[in-house]
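S.K.: Before anything else, here's the structure in question.
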Amino acid sequence: MHDHREDLIWPGRETILEFPCGVVRLPNGNTLIADAGSETGLGSKLLEVDREGNVTRHWNPGFRFLHGIKVLEDELFLADTTNNRILGMDEEGTIRFTSDAWSGGPGVLSDGSSLCYPNNIHPIRSDCFMVTDRNNDRYVLVDREGQVQAHGAPGLKRPHNCEPLEGGQVIIANSDNNSVDIVDAAGQVVWRYDEGLLWPRDANRLPDGNVLIADSKNSRVIEVTPGKEMVWSFAVDYFANFYEAHRLPNGHTLISDQQRQQVLEVDGDGQVVWRFRNYERSGPLLDRLQNGSFKHTDGDGLPSDWILATRLSEGGGRLIWGEDPRGKRIPGMEYDRPGALYFQQAVRVQPGAYYTLAGRIGTENLDGVACLQVAFIDEYDALLCDASLSPRGEGFSGTTPLTDDMFEMEVPERAVAANVRIFMSGTGKVFFDQIRFFC
């Protein structure tokens, strides 16, 4: 298991794109990419890439799940999500301001609130920004000193990208509501598109009044008119989980494809005219599950062959140790916030074959759910479907003793490996032992 210092990037991976979020095309033709980093929660960074696919610059001043990036004049504005902060940074990587300094820090606004998992920052001018404050279910208009100018809107459910429009209106990717909303200055919805959307995370109004939407879990980008007619779409036949989409001056669309670790530029006919992908897997795919009894540990005393995946844990989660009824030392996880945490190992599989995942799992004061889970991945190291749809065993909550669980699944056609997981959400603890995965 690797060190989880927030500023650590594994040697040799300083320029490897792991999980693209925000994207910006610069006037010089290069592309800025906000990279959330690896599943372990390490390696978040900002990359600048030229048309030939060369990483010309990279920055990492302690980012953790970098989401949003915007540029105004000579300054870069960033939503450093798991650090619960926004930043202003010059092109040399020097931080000009950080919300950590507000009200003596960290990040207390003038109204007494704090940012919680900010996903996006949009500069209105150099000293005023609209921030999508996701876990507070709002957007907030704030200056460099943390003075709140305005905030809204009621009815938001875990929004991602919110951006100001003319006349005081705001366009919102209202993600967990599966809608794109335009609200007026009073926060009232004046336009909504929700026809078949599944977790939209970016929406932009185009100069002609149409709206461009990154419809993440439908793996598509669509353009709709004010009358809600779909006039353009780009869709793929794999689970892409597109994060952001921007219409470029040349009419092309720039898209971040999180699952295949790439950024695409597509033309009006939906043809890919530019692609950046330099991903290489950092760890091995094992031929069979290793160390399912957790007897072996690495130099740090942590279970060998397993990783603690914290990219989606919103800054929380840790490995703990306990004992089974016989006094044997067994591992566990402790978690205390929204998001998801899981222990994981990647194992090769054969499409069409049937596999069984078995193990012992128990919980302590868990107000969420814990389970055994298998998330299949393809040749790109990308999930075949949203993890919530992956095969899983019985769900455990509250306080339950170590219990044997077992379930069988068929390997999908495109799968080359399985991420074998012990998954948890919610506040509490989960313990596990004797994990087995076999055909």
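The values are calculated or read from the model by the stated rules, or taken from the named source; none is laboratory data. Here the structure is a predicted model, which is why all the values come from computation and not from measurement. With ideal geometry, Cβ positions are generated from the backbone for all residues, glycine too; neighbour counts draw on all protein chains shown. These accessible areas exclude ligands, DNA and RNA; they are computed on the full protein's heavy atoms, side chains included. Shrake-Rupley method; radii C 1.70, N 1.55, O 1.52, S 1.80 Å.
S.K.: Take the solvent-accessible surface of the protein heavy atoms, probe 1.4 Å, and return the percent of it on the chain that carbon and sulfur atoms account for. List each step's numbers first, then the result.
M.R.: On the way: 7950 of 17570 Å².
In the chain, the share of accessible area belonging to carbon and sulfur is 45 percent.
S.K.: Moving on to the next point. In nm, give the distance between the simple-model label positions of Glu408 and Arg192, each being 7 Å from the Cα along the Cα-to-Cβ direction.
M.R.: Roughly 4.6 nm, to one decimal.
S.K.: Something else: Averaged per residue, what accessible surface does region 107-175 expose to a 1.4 Å probe, in Å²?
M.R.: Values: 2400 Å² over 69 residues.
Heavy-atom accessible area per residue stands at 35 Å².
S.K.: Separate question: I need to check one value: relative contact order of region 238-357, counting alpha carbon pairs closer than 8 Å and at least 6 residues apart, in percent.
M.R.: Values: 168 pairs, mean separation 19.9, N = 120.
Computed over region 238-357, the figure is 17 percent.
S.K.: Using only Cα atoms, figure out Rg for the chain and give it as a multiple of 2.2 N^0.38 Å. Spell out each step's value before the answer.
M.R.: Details: Rg = 22.0 Å, N = 439, 2.2 N^0.38 = 22.2 Å.
Normalised Rg, Cα atoms only: 0.99.
S.K.: Still on this structure: Please find the FRET efficiency linking Glu52 to Asp74, where r is the Cβ-Cβ separation and R0 is fixed at 25 Å, and quote it to the nearest 0.05.
M.R.: On the way: r = 25 Å, r/R0 = 0.99.
Result of the calculation: an efficiency of 0.50.
S.K.: Give me log10 I(q)/I(0) at q = 0.24 Å⁻¹ for region 356-418, Debye formula, one equal scatterer per alpha-carbon, no solvent.
M.R.: -0.96
S.K.: Could you state the number of Å between the C-alpha centres of region 34-70 and region 108-152?
M.R.: 23
S.K.: Ok, one more. Give me the accessible area of Ser282, 1.4 Å probe, in Å² rounded to the nearest 10.
M.R.: 70
S.K.: Now for a separate question. Show which aspartates and glutamates lie in cross-link reach of Lys429 when reach means a straight Cα distance below 20 angstrom and same-chain residues fewer than eight apart are skipped.
M.R.: Lys429 reaches Glu314, Glu323, Asp324, Glu334, Asp336, Glu364, Asp367, Glu394, Asp404, Asp405.
S.K.: Quick one: which of Lys157/Lys228; Lys157/Lys217; Lys45/Lys295; Lys45/Lys228; Lys70/Lys157 span more than 25 angstrom between C-alpha atoms? Walk me through the numbers before you get to the answer.
M.R.: On the way: Lys157/Lys228 22 Å; Lys157/Lys217 16 Å; Lys45/Lys295 35 Å; Lys45/Lys228 37 Å; Lys70/Lys157 23 Å.
Result: Lys45/Lys295; Lys45/Lys228 exceed 25 Å.
S.K.: How much length would be gained if the chain were fully extended between Lys228 and Asp300, taking 0.36 nm per residue of separation minus their Cα-Cα distance, in nm to one decimal?
M.R.: Working: separation 72, 0.36 × 72 = 25.92 nm, distance 5.58 nm.
Between Lys228 and Asp300, full extension yields 20.3 nm more.
S.K.: Less than 13 Å from a label point 7 Å out along the Cα-to-Cβ axis of Arg337: which backbone N atoms in region 121-138 qualify, by residue?
M.R.: From region 121-138, the list is 134-136.
S.K.: Got a number for the accessible area of His252? Probe 1.4 Å, square angstrom, nearest 10.
M.R.: Number for this one is 40 Å².
S.K.: May I pose another question? In a Gaussian network model over the chain where Cα atoms closer than 10 Å are linked, find which of Asp181, Asp405, Asp133 has the largest mean-square fluctuation.
M.R.: Per the Cα network of the chain with a 10 Å cutoff, Asp405 tops the list.
S.K.: Let me ask something else about it. Using R₀ = 51 Å, calculate the FRET efficiency as 1/(1 + (r/R₀)^6) where r is the Cβ-Cβ separation of Glu394 and Ala235; round to 0.05.
M.R.: Working: r = 35 Å, r/R0 = 0.69.
It comes to 0.90.
S.K.: Report the label-to-label distance for Thr94 and Ala387 in nanometres (one decimal), using points 7 Å from each Cα along the Cα→Cβ vector.
M.R.: The modelled label-to-label distance comes out at 3.9 nm.
S.K.: Moving on. Once the other residues with Cβ under 15 Å from the Cβ of Leu72 are scored (Lys, Arg +1; Asp, Glu -1), what is the net sum?
M.R.: Here the count lands on -3.
S.K.: Could you order the peptides 195-201, 245-251 from most to least packed, using the average number of other C-beta atoms within 10 Å per residue?
M.R.: Put in order of decreasing packing, that is 195-201, 245-251.
S.K.: Starting at the first residue of region 57-67, write each ³J(HN,Hα) from the Karplus equation 6.51 cos²θ - 1.76 cosθ + 1.60 with θ = phi - 60°, in whole Hz, x for Gly and Pro.
M.R.: Along region 57-67, the couplings run 8, 8, 10, 7, x, x, 4, 9, 6, 4, 10 Hz.
S.K.: Mind ordering 358-366, 38-46 by average Cβ neighbours within 10 Å, highest first? Walk me through the numbers on the way to the answer.
M.R.: Details: 358-366: 20.0, 38-46: 23.2.
By packing density, highest mean first, the sequence is 38-46, 358-366.
S.K.: In whole Å and largest first, what semi-axes does the C-alpha gyration tensor of region 306-439 yield when each eigenvalue is scaled by 5 and square-rooted? Show your work: numbers first, answer last.
M.R.: Numbers: eigenvalues 121, 57, 29 Å².
Over the Cα atoms of region 306-439, the ellipsoid semi-axes are 25, 17, 12 Å.
S.K.: Using square roots of five times the C-alpha gyration tensor eigenvalues, list the equivalent-ellipsoid semi-axes of region 296-353 in whole Å, biggest first. Working shown, then result.
M.R.: On the way: eigenvalues 94, 76, 30 Å².
Here the semi-axes work out to 22, 19, 12 Å.
S.K.: I would also like to ask the following. For region 262-319, what ratio Rg/Rh do Cα atoms give with a Kirkwood hydrodynamic radius? Working shown, then result.
M.R.: Values: Rg = 18.8 Å, Rh = 15.5 Å.
That ratio is 1.21, to two decimals.
S.K.: In Å², what does the accessible area per residue of region 305-365 work out to with a 1.4 Å probe? The partial results should precede the final answer.
M.R.: Numbers: 2540 Å² over 61 residues.
In whole numbers, region 305-365 has 42 Å² accessible per residue.
S.K.: Around Glu39, which amide H atoms from residues at least 5 apart in sequence, or from another chain, sit under 5 Å from its own amide H, with H modelled in the peptide plane?
M.R.: Result for Glu39 returns nothing.
S.K.: Sticking with this structure for a sec: State the Cα centre-to-centre distance between region 386-439 and region 239-254 in whole Å.
M.R.: For region 386-439 versus region 239-254, the Cα centre distance is 35 Å.
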